[in-house]
Amino acid sequence: MPANTTTIVTNIVVTNSSSSAATVLIQLNGTSIIPNTTVPGNGIFTLDITQVMDAGDTIRVQGSTTTCSHFISGVEVTA
């Protein structure tokens, strides 16, 4: 994210394409906001949030298997 830019994250979706359950860990700036939550086999986990993030802030999404994928949506505002 460029300097002087603020991002507002509005949604994080995690999918699991395996028939077996998996877990997902979501962190904002190193702080766990979703700690090892189950994503059912062939299912999804959706997090609806309103999180303001500044330049240099981070989001980490980690699935317990390679069958987990994620999509993050929101808006960017440049000052």
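The values are calculated or read from the model by the stated rules, or taken from the named source; none is laboratory data. All values derive from a computational prediction rather than experimental measurement. Ligands, DNA and RNA are excluded from the accessible area calculation, which covers all protein heavy atoms including side chains. Shrake-Rupley method; radii C 1.70, N 1.55, O 1.52, S 1.80 Å.
Residue by residue through the range 53-63, what is 3J(HN,Hα) from phi via Karplus (6.51 cos²θ - 1.76 cosθ + 1.60, θ = phi - 60°)? Round to whole Hz and write x for glycine and proline.
These are the phi-based 3J(HN,Hα) values: 10, 9, 3, x, 6, 10, 10, 10, 10, 10, x Hz.
List the pair-distance distribution P(r) of the range 16-58, using every Cα-Cα distance, as the percent of pairs falling in each 10 Å bin from 0 up to the bin containing the longest distance, rounded to whole percents.
All Cα pairs, binned at 10 Å, distribute as 25, 44, 25, 6 percent.
Averaged per residue, what accessible surface does the chain expose to a 1.4 Å probe, in Å²? The partial results should precede the final answer.
Numbers: 4650 Å² over 79 residues.
On a per-residue basis, the chain sits at 59 Å².
Expressed as a whole percentage, what fraction of the accessible surface of the range 3-79 belongs to carbon and sulfur atoms when a 1.4 Å probe is rolled over the protein heavy atoms? Working shown, then result.
Details: 2290 of 4480 Å².
Roughly 51 percent of what the probe reaches on the range 3-79 is carbon or sulfur.
Compute the distribution of all C-alpha to C-alpha distances in the chain, in bins of 10 Å from 0, and list the percent of pairs in each, rounded to whole numbers.
Over the chain, the share of Cα pairs per 10 Å bin runs 19, 47, 25, 8, 1 percent.
Near the amide H of Asn11, under 5 Å away, which other amide H atoms are found, from residues 5 or more places off or on another chain, if H is placed in the peptide plane?
Those qualifying (amide H under 5 Å, at least 5 residues apart or on another chain) are Ile49, Ser73.
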